[in-house]
Amino acid sequence: MCQIIFLSFFRNKASLIAGIAWIILTCSCTKDDPQPLFAHSVIKGGVSFYNGYPEPVDIKVTAHGPYGNKSALTDSSGNYEISGLGNGTYELEFAKKGYGTKYHFGIQLFGNNAVVKNEMLYEKMVDYTLPIYYEVHDYTTFSRLHGDEIGVTTNQKDRFMPVRIFLGSNKNVNYLDYEYTLKGYGSQWTDNKNNNLLIIGDLWQFDYEGGQEVFFIVYVCNPEDPGYVDSYLRILRFSTLEKKKRSAVMRFKVPKK
Amino acid sequence: MKFRKNTILYLFLLFPFFPLGCTEEEEYLPGLTGDAVGYVYLFDEFGNLLDDHSNVKITAIGTRKQYDTYTDSKGRFELKGLPTGTYELHFEKAGFGRLKQFGVKHLGGKPTLLANYFLFKMPATTITNLTIENDTVYGEFLFIFQEQPYSLFLRIYFSTVPGFSRESTQYIMDRELRQYDGRYLRSINLEHAPFSPGEEVFIMASIYTRRTSVKLDLGFSMTISGIDTYFDYELNQTIYPNLSNVSDHFSFIFPE
């Protein structure tokens with residue numbers, strides 16, 4: 001701002017050039033990322049895919065730290081090494097297109113550390129689209145259901161339903177704020193429209209009272225994905241969960257025993 | 001005339017800013033900062049996990065400055081923008097034993113993940129009787145609440161001097177007494193105690209709690225291990241933060 005005001009005082013070309021030079025000199029020294037003096041630490045390890053295939057080559061492993069990011073790609077055996085890292089605390093990211101990205105937190109590097117971090121990646125359900133969900137039923141409204149099950153009618157004519165369900169006591173339930181989570185699965189039988197139902201089963205294992213209203217939300221997620229504990233939030237996260245492929249929040253009353 | 005005036009003006013403008021130009025010293029040891037995240041879990045005096053872990057005060061003491069924060073109901077706390085360094089951490093909440101941790105390294109950069117810390121309520125239980133016979137220590141207790149725990153940790157102080165104080169104790173033994181047939185007892189090995197057979201030895205005890213792991217139910221099951229004691233280098237002993245006041249004095253005859 002001051003520079004512009006100053007410039008307005010100069011009415012001729014020469015002084016304008018001088019004014020601009022002045023601005024460049026004072027503004028050119030921005031502060032860069034800090035640079036470490038010693039950068040001899042290493043993070044290395046092996047990455048694999050669940051089920052052992054395909055070949056775990058070209059998985060991108062990135063160390064996020066105080067001096068910016070540094071990446072490496074795995075070789076055909078899934079081995080990687082990121083070297084030349086300076087002192088500090090890092091986060092590690094394992095990514096490959098079509099697979100859930102996973103993270104390791106709180107990796108401390110000091111001096112000449114070599115830290116080994118291995119990981120296993122799970123496939124994302126990229127080809128699966130959530131069906132339309134119509135109505136929520138229990139055994140009183142749909143006799144084929146077991147006493148401890150809830151069934152949601154859908155427009156899907158296939159048993160395969162790679163989804164994860166999150167339960168909560170309020171309508172803001174989502175994958176970051178929930179009480180319980182479980183895999184959903186498609187019913188073995190179909191309804192009178194030849195569609196499979198989404199089954200939410202084994203509900204009496206949870207600390208809910210019979211008749212209690214519970215809200216739930218459904219996300220696309222690999223059923224083999226066991227989840228990992230988020231170290232910061234102490235909740236179970238799922239790397240293959242697709243945030244945008246989710247249902248509306250629905251509700252059911254817990255069936256009475 | 002005009003030209004000279006302008007020249008002087010330009011020099012005047014440019015001159016003070018030359019030192020500001022890129023002559024800033026390179027940072028060889030960058031002043032890193034970073035956040036630190038940890039969890040504190042609260043237990044009653046018998047080691048049962050409580051529901052609410054909020055309002056524990058955490059103080060991080062560095063060489064130049066002190067930082068503090070509080071836990072939320074899940075026990076989570078976050079110290080923000082902590083400079084690189086080694087810290088002494090204090091954990092305090094009214095009614096609970098105060099825990100310390102020394103030599104906590106914080107390198108800065110991405111958040112440091114601190115350990116889990118366990119705090120126990122100061123014991124309200126009192127010791128009404130304490131005897132040692134036949135290589136067994138027996139304790140009788142008055143519990144404030146109905147609950148009778150499966151076991152109790154006692155730190156037992158021994159001395160030949162009646163009415164002795166904790167500071168002048170001649171011998172210390174830690175024993176976990178277990179409930180058996182309505183009584184609390186445990187075997188005790190006095191081989192190394194500095195007393196003679198037949199001598200009258202006075203004893204008193206304090207109650208404390210020990211717990212180093214717990215299974216959390218967070219919607220999924222997670223077993224965690226935590227820090228519940230610390231070593232005090234000045235006193236040269238392990239500190240049990242929720243160690244109660246000492247009981248009355250009792251006595252026994254040192255066996256053959």
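The values are calculated or read from the model by the stated rules, or taken from the named source; none is laboratory data. As the structure is a computational prediction, the values presented were derived from the model and not from experiment. A quick note on method: Cβ atoms are made from the backbone with ideal geometry, for glycine too, and the neighbour counts reach across all protein chains shown. These accessible areas exclude ligands, DNA and RNA; they are computed on the full protein's heavy atoms, side chains included. Shrake-Rupley method; radii C 1.70, N 1.55, O 1.52, S 1.80 Å.
Determine the pairs where a residue that is away from chain B (no Cβ under 14 Å), located within the range A:181-204, has a partner that is surrounded by fewer than 16 Cβ atoms within 10 Å (Cβ to Cβ) and aromatic (F, W, Y) with Cβ atoms under 7 Å apart, the partner being 6 or more residues away or on another chain.
Short answer, once both residue conditions are applied: A:G186/A:F160.
Only one residue in A:E81, A:E93, A:E55 is free of Cβ contacts under 8 Å to residues at least 24 places away in the same chain and either open to solvent by 20 Å² or more (accessible area, probe 1.4 Å) or within 14 Å of another protein chain (Cβ to nearest Cβ) (or both), so which one is that?
Working: A:E81 fails: free of Cβ contacts under 8 Å to residues at least 24 places away in the same chain; A:E93 fails: free of Cβ contacts under 8 Å to residues at least 24 places away in the same chain.
Going through A:E81, A:E93, A:E55 in turn, the sole match is A:E55.
Looking only at strands (runs of 3 or more DSSP E) that fall completely inside the range A:209-257, which ones have 2 or more residues that are touching a helix residue (DSSP H, G or I) at 6+ places or on another chain (Cβ under 7 Å) and under 18 Å from A:F49 (Cβ atoms)?
Of the strands (runs of 3 or more DSSP E) lying wholly inside the range A:209-257, none has at least 2 residues that are touching a helix residue (DSSP H, G or I) at 6+ places or on another chain (Cβ under 7 Å) and under 18 Å from A:F49 (Cβ atoms).
Can you report the number of residues in the range A:214-233 which are surrounded by fewer than 18 Cβ atoms within 10 Å (Cβ to Cβ), more than 14 Å from A:K124 (Cα to Cα) and more than 12 Å from the chain's Cα centre (by Cα)?
Matching residues across the range A:214-233 total 3.
Tell me, which strands (runs of 3 or more DSSP E) wholly within the range B:48-126 include 2 or more residues that are out of contact with any Gly (no Cβ under 6 Å at 6 or more places or on another chain) and without any contact (Cβ under 8 Å) to a residue 40 or more places away in the chain?
B:57-61, B:66-70, B:85-92, B:99-106
Looking at A:G184, A:G168, A:G211, A:G201, can you tell me which residue is exposed (fewer than 13 other Cβ atoms within 10 Å of the Cβ), touching a strand residue (DSSP E or B) at 6+ places or on another chain (Cβ under 8 Å) and of a type outside the set (D, E)? Show your work before the answer.
Working: A:G184 fails: exposed (fewer than 13 other Cβ atoms within 10 Å of the Cβ); A:G168 fails: exposed (fewer than 13 other Cβ atoms within 10 Å of the Cβ); A:G201 fails: exposed (fewer than 13 other Cβ atoms within 10 Å of the Cβ).
Going through A:G184, A:G168, A:G211, A:G201 in turn, the sole match is A:G211.
Under 8 Å between Cβ atoms, at least 6 apart or on separate chains: pull out the pairs that start in the range B:236-248 with a residue that is over 15 Å from B:F120 (Cα atoms) and end on any residue that is assigned to a loop (DSSP other than H, G, I, E, B) and at pLDDT 95 or above.
B:T238/B:T229
Being of a type in the set (S, T, N, Q) and crowded, with 18+ Cβ neighbours inside 10 Å narrows it down to one of B:S159, B:S168, so name that one. Even if it seems obvious, please write down each step before you answer.
Working: B:S168 fails: crowded, with 18+ Cβ neighbours inside 10 Å.
Of the residues listed, the single one that is of a type in the set (S, T, N, Q) and crowded, with 18+ Cβ neighbours inside 10 Å is B:S159.
Taking the criterion of being of a type in the set (F, W, Y), over 30 Å from B:L79 (Cα atoms), modelled with pLDDT of 95 or more and more than 22 Å from the chain's Cα centre (by Cα), would at least one residue in the range A:155-173 satisfy it?
yes
State whether one or more residues within the range B:57-80 are over 27 Å from A:L109 (Cβ atoms), open to solvent by 60 Å² or more (accessible area, probe 1.4 Å) and aromatic (F, W, Y).
Within the range B:57-80 (the criterion being over 27 Å from A:L109 (Cβ atoms), open to solvent by 60 Å² or more (accessible area, probe 1.4 Å) and aromatic (F, W, Y)), the answer is yes, since at least one residue qualifies.
Scan the range A:56-89 for residues that are in a loop (DSSP other than H, G, I, E, B) and charged (D, E, K, R) and report the count.
Residues that pass the stated criteria total 2.
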